[in-house]
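Notes to accompany the following structure.
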Amino acid sequence: VYLHGGDQLFETTKVELVAGFLRGMSLTQNFAPLLVFTGHGTHTENNPHNAGLACGACGGQNGGINARLAAQLFNDPQVRVALAEEGISIPGDSWAIAAEHCTVTDEVTLFDCERLPDSHAADLADLERRFVEAGNRTRRERATALKLNGYEDDQLFHKVKSRTSDW
């Protein structure tokens, strides 16, 4: 793993990063079989509010890349061994994937799903279905404020999506 600029990320730094973000989330035990590290961002064109719709913690950039790095480090076998020595024992059947939530459309895009073991296929399918349901519910909740009431879920999605290129 390399940092922006090409500097190599050393093993001790990887472990420190993962231990830090896991402890920061109070996630140090009872790991689920499938974890999703999610950044948020926006996918708009010519929008003066673009940075405000993206991730503040990521400097007004989209957070999906950070979520991908977190999942990659979490799944690293060497990092897991070192974490266990620090008291954070991650079960062998616990895997992480990354996602990015679009703050305009409420779509969630999953990354690197092909890296999941086949044993997690049902969990992944369920997760994808639930993200679609959550997006539909959220768009319905926001429809009034956006003056988009009265549309079916698919129509509402397309109306909201059209706002990404016409704010």
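Computed over neighbours whose Cβ is under 12 Å from that of Asp106, the net charge equals +1, Lys and Arg +1, Asp and Glu -1. Counting Lys and Arg as +1 and Asp and Glu as -1 over every other residue whose Cβ lies under 12 Å from the Cβ of Lys147, the net charge comes to +3.
Under a model in which nothing but the beta-carbon of Lys, Arg (+1) and Asp, Glu (-1) is charged, the chain shows a dipole of about 620 debye around its Cα centre. Using C-alpha pairs below 8 Å separated by at least 6 residues, the relative contact order for the chain is 24 percent. What number does the chain give for Rg over Rh if you use C-alpha atoms and the Kirkwood radius? Ratio value, two decimals: 1.03. Against the chain, whose longest principal axis is taken from its Cα atoms, helix 121-143 shows a tilt of about 40°. Each of the GluC sites (Glu not before Pro) that DSSP puts in a loop and that has at most 10 other Cβ atoms within 10 Å breaks the chain; the longest unbroken stretch is 46-151. Note on the chain: with a GNM built from Cα contacts shorter than 10 Å, the maximum mean-square fluctuation among Leu148, Leu69, Leu83 falls on Leu148.
Comparing Asp126, Asp153, Asp112 in a Gaussian network model of the chain (Cα springs below 10 Å), the most mobile by mean-square fluctuation is Asp126.
Rounded to the nearest Hz, the phi-derived 3J(HN,Hα) couplings of segment 88-97 under the Karplus curve 6.51 cos²θ - 1.76 cosθ + 1.60 (θ = phi - 60°) are 10, 9, 9, x, x, 8, 9, 10, 10, 10, where x marks glycine and proline. DSSP loop (so not H, G, I, E, B), at most 13 other Cβ within 10 Å: list which trypsin sites (Lys or Arg not before Pro) in segment 89-144 pass both filters. Here no trypsin sites (Lys or Arg not before Pro) fit, given the DSSP loop and packing criteria.
Where a number appears in this text, it was derived from the coordinates with a stated rule and is not lab data. This structure is a prediction, so every number in the text was calculated from the model and none was measured. When we count neighbours, we look across all protein chains shown, and the Cβ atoms used for this are built from the backbone with ideal geometry, even at glycine.
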